[in-house]
Amino acid sequence: MSNPFDYTGKVVFVSGGTSGINLEIAHAFARNGAKVSVISRSQEKVNAAVNELKSHGGEAIGFSTDVRDYAKTQETLKQTHEQLGLIDVLVSGAAGNFAAPAMGMSANGFKSVIDIDVMGTFHVLHSAFEYLRKPGACMINISAPQAYNPMEFQMHVCAAKAGVDMITRVAAMEWGAMGIRVNSISPGPIDDTEGMKRLASTKELRQLVIDSVPLGRYGTKQDIADACLWMASPMASYVTGIVLPVDGGWGLGGTSVSNAGMKKMLGF
Ligand code: COA
Ligand code: NAP
């Protein structure tokens, strides 16, 4: 049997693919033979990520783009298609987060996260459609437990990621007949990431989170990248429209335990 995780010659696009979890996802596909295109706002981060990705020996390109800008996002998908070919795997991972109670953020603060997560995912999906391999392409949206577990100081992120998961489900229904699968992956607390630096910035908060994860540890970026390799592979060929938690069981209820502790410690 051929290796289901051989991505040789496949084209993978990752929004927000220049750091953290999304960069690890890009690396995982590149290590397994894929040609990779990454985008984010910072040109420095784009340059560094592309250089790193090239070290796997394959093709890697990148663009400095804000996913809130439809025209620019559209241009990166067009360029990706021109330079690398039809897109096999589309990952929407660009996102924004900060911890603040609803009354501690402005309307623009709330909007900025909605715009990056929800509008950004729509812009990526809408711009990519004509360049997706049909049949066979797969879209993976990076969600979060906040999409289904309400979390204090995360009203903007809860609303945004719930929106992302609904985009997943509707796109899966609309695109299934064309042979395109669409799924979300919902990471739990992942070590060594900007996300967790923002949400659990002290030793005490970190321990509180660990204690509320049934598997008793933070996840690794590799845990999420591995799930993406599976999700995009023929091993998952009958899987579409789901939200797959890769969270050590955190979403089963532990989020509310760490939530209560965070509230106390952050002093809100
Ligand atoms: N608490 C309350 N409001 C905050 C905030 C905080 N910690 N951080 C930012 N905001 C508000 C700003 O005050 C601003 O509102 P205002 O114009 O009414 O003052 C609004 O959010 C936008 O901030 P700005 O810095 O201008 O926006 P940006 O588009 O440059 O950045 C963010 C977007 C705010 C999401 C920023 O945190 C970011 O770039 N995040 C990307 C990285 C990240 O979040 N990684 C974690 C994984 S998701
Ligand atoms: P990260 O390193 O900050 O990743 C976010 C990426 O998105 C960066 O590359 C950032 O680069 C880019 N980005 C942000 N705003 C953008 C915009 N407007 N346009 C284009 N790109 C933009 O954080 P992370 O913690 O690894 O998070 C990655 C993903 O996992 C996110 O979707 C997050 O919600 C999800 N997640 C993370 C955790 C966790 O434990 N960390 C848990 C659950 C879900 P630029 O700054 O260059 O734009």
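The values are calculated or read from the model by the stated rules, or taken from the named source; none is laboratory data. Being a predicted model, the structure only gives us computed values, none of them experimental. Here the Cβ positions follow ideal geometry from the backbone for every residue, glycine too, while neighbour counts run over all protein chains shown. Accessible surface areas use protein heavy atoms only, side chains included; no ligands, DNA or RNA. Shrake-Rupley method; radii C 1.70, N 1.55, O 1.52, S 1.80 Å.
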Starting from the amide H of Ser186, placed 1.01 Å from N in the peptide plane, find each other amide H under 5 Å away whose residue is 5 or more places distant or on another chain.
Ser143, Leu244, Val246
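Heavy atoms only, 1.4 Å probe, whole protein assembly: order Asp191, Asp247, Asp117 by accessible area, highest first.
Details: Asp191 55, Asp247 20, Asp117 0 Å².
The most accessible residue leads, giving Asp191, Asp247, Asp117.
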Relative packing of 218-227, 33-42, 160-169, which averages over residues the other C-beta atoms within 10 Å, highest first:
33-42, 160-169, 218-227
Hey, with R₀ at 41 Å, roughly what FRET efficiency would Asp191 and Ala71 work out to, going by the Cβ-Cβ distance, to 0.05?
0.65
Out of Thr121, Ala102, Ile180, whose Cα points farthest toward the positive end of the dipole of region 88-192 (charges: +1 Lys, Arg; -1 Asp, Glu; placed on Cβ)?
Ile180
For Thr202 paired with Arg41, estimate the spin-label separation in nm (one decimal), with each label point 7 Å from Cα along the Cα-to-Cβ line.
2.8
Which of Ala49, Ala107, Ala94 fluctuates most in a GNM of the chain (C-alpha springs under 10 Å)? That residue is Ala107
Rel. contact order, % - alpha carbon contacts under 8 angstrom, at least six apart, the chain
19
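Roughly how many Å² is the accessible area per residue of region 203-268, as a whole number, for a 1.4 Å probe? Write down the numbers at each step before the final one.
Working: 3490 Å² over 66 residues.
Solvent-accessible surface per residue comes out at 53 Å².
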Tell me the per residue accessible area of region 17-63 using a 1.4 Å probe; a whole number in Å² is fine.
41
Compute the distance in nm between two label points, each set 7 Å from the Cα along the Cα-to-Cβ direction, one at Asn108 and one at Asn51.
3.4
If I fit a long axis through the Cα atoms of helix 254-266 and take the longest principal axis of the Cα atoms of the chain, what angle between them do I get, 0 to 90°, rounded to 10?
60
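Once the piece of chain linking Gln83 and Ser237 is laid out straight, how much longer is it, given 0.36 nm per residue of separation minus the C-alpha distance between them? The partial results should precede the final answer.
On the way: separation 154, 0.36 × 154 = 55.44 nm, distance 2.71 nm.
Length gained, Gln83 through Ser237: 52.7 nm.
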Taking only the Cα atoms of region 32-174, how large is their convex hull per residue, in Å³?
120
Net length gained if the chain between Met173 and Gln222 were fully extended (0.36 nm per residue, minus Cα distance):
14.7 nm
Taking 26 Å as the cut-off for C-alpha to C-alpha distance, list the pairs among Lys78/Lys221; Lys35/Lys134; Lys45/Lys264; Lys35/Lys197; Lys203/Lys264; Lys221/Lys264 that go past it.
Lys78/Lys221; Lys45/Lys264; Lys35/Lys197; Lys221/Lys264
